[in-house]
Amino acid sequence: MSELRFDNRVAIVTGAGGGLGRAHALLLAKRGAKVVVNDLGGAMDGSSGSGSSAADKVVDEIKAAGGQAVASYDGVDTWEGAQKIVAKAKEAFGKLDIVINNAGILRDVSFLKMTDEDWDKVLRVHLSGTMFVSRAAWPLLRENNYGRVVNTTSAAGLYGNFGQANYSSAKLGIVGLSKTLAHEGAKYNIKVNVIAPIAKSRMTETVMPPNVLEKLAPEYVSALVAYLVSDKCEDSAQVYAVGGGYFSRVAVMEAEGIGLPVEKVSPEAVAEQWAKINDMTGAKAYGNAMEAAGAAMKFAMM
Ligand code: NAI
């Protein structure tokens, strides 16, 4: 296969001052993209953020390798910040084709001890941040009749994780948002997909042993991201688990289920049919909410 290139494409990567975002930005720039490297240089819990050095360093790396990039220091967690990030792409490079929503923070704490601020801040950066940047970018992508958006979820969102009520809620919210944007973007050739990565970064340094982390370079995740934001990618509304050489589609599956005549619907009937209700043989991943509702309606209309 010929090399996937991004010449004449303009990309925004949020949270690109370190970790996964930096790797995504470096790879796209190496393959010809003009990149807005966004990062407010924050602490991992989002408690501070005024540093321009994180984004500047990545811009310098890109330029040193012969690529094109500009830095943006605005937070994704406000509508004003998101508009400035997108304006930067337009000012510097005249258009926008690719958005990688990657910025994130962690405030891990057990549910009982979680404060309102822990909840609000994490939802604000991950979920609202992804929405704000996507909403600011949307008119430009529609104008192009081309857009590739990759958003970042987590296994914690897909499956739940102890101490991450705020983070897992935000991360699954990103999946719902992405799927709806994929449907709305379809007629404008805007594809929206989601990654659930696993990689070495400051977020994982304290929870995984060094010998495991060594095998989880962020670059292995960026390869999938680059494919998803390329013009070769025709898929949309999908979620992919990725890391350390592993690549796999993740789907919400609905079992075939059972249909009871409505006059027989009762708690006891549910109890009697429990095994069949839970049987995932022949389960399906529906393409949209209407298709899924159709499966339920099929029984109601019988
Ligand atoms: P990281 O902490 O190295 O990178 C996150 C970056 O986002 C930081 O550079 C930070 O300054 C920036 N940031 C934070 N708040 C921001 C804001 N309001 N506006 C702009 N930038 C902001 O962590 P990592 O691991 O690279 O995480 C990247 C994304 O991947 C996050 O969304 C994270 O939740 C997700 N993720 C990472 C996993 C991993 O194994 N590393 C696992 C699952 C998800």
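For the reader, a short list of remarks on this structure follows.
- Some residue of the range 37-58 being at pLDDT 95 or above and more than 15 Å from the ligand (Cβ to nearest atom): no
- Residue in the range 98-114 that is touching a strand residue (DSSP E or B) at 6+ places or on another chain (Cβ under 6 Å) and part of a helix (DSSP H, G or I) present: no
- Among the residues of the range 139-162, those identified as within 14 Å of the ligand (Cβ to nearest atom) and of a type outside the set (A, V, I, L, M) are Asn151, Thr152, Thr153, Ser154, Gly157, Tyr159, Gly160, Asn161.
- Annotation: of all residues in the range 78-97 being small (Gly, Ala, Ser) and assigned to a helix (DSSP H, G or I), the one that is nearest to the ligand (Cβ to nearest atom) is Gly81.
- Sole residue being touching a helix residue (DSSP H, G or I) at 6+ places or on another chain (Cβ under 9 Å) and modelled with pLDDT under 95, chosen from Val270, Val229, Val252, Val262: Val262
- Near pairs, Cβ below 6 angstrom, 6+ apart or cross-chain, from the range 134-163 (in the same structural domain as Lys187 (by TED's automatic domain parsing)) to any residue that is within 10 Å of the ligand (Cβ to nearest atom) and of a type in the set (Phe, Trp, Tyr): Ala156/Tyr167
- Of residues in the range 61-91 being without any contact (Cβ under 8 Å) to a residue 24 or more places away in the chain and open to solvent by 80 Å² or more (accessible area, probe 1.4 Å), the one nearest to Asp7 (Cα to Cα): Lys63
- The lone exception for Asn211 - which of (1) open to solvent by 80 Å² or more (accessible area, probe 1.4 Å); (2) polar (S, T, N, Q); (3) over 30 Å from Ala103 (Cβ atoms) it fails: (3)
- The selection criterion, being within 14 Å of the ligand (Cβ to nearest atom) and over 26 Å from Ala87 (Cα atoms), does not hold for Met131.
- Residue count for the range 258-276 under the criterion of being among the aliphatic types (A, V, I, L, M) and either open to solvent by 100 Å² or more (accessible area, probe 1.4 Å) or in contact with a His (Cβ under 9 Å, 6 or more places away or on another chain) (or both): the result is 1.
- The test for being farther than 21 Å from Thr204 by Cα and either away from the ligand (no atom under 14 Å from the Cβ) or not hydrophobic (A, V, I, L, M, F, W, C) (or both) does not hold for Trp119.
The values are calculated or read from the model by the stated rules, or taken from the named source; none is laboratory data. Everything numeric here is computed off the predicted structure, so don't read it as measured data. Quick reminder, even Gly has a Cβ in these numbers, built from the backbone with ideal geometry, and neighbours come from all protein chains shown. Note: areas computed on protein heavy atoms with side chains; ligands, DNA, RNA excluded. Shrake-Rupley method; radii C 1.70, N 1.55, O 1.52, S 1.80 Å.
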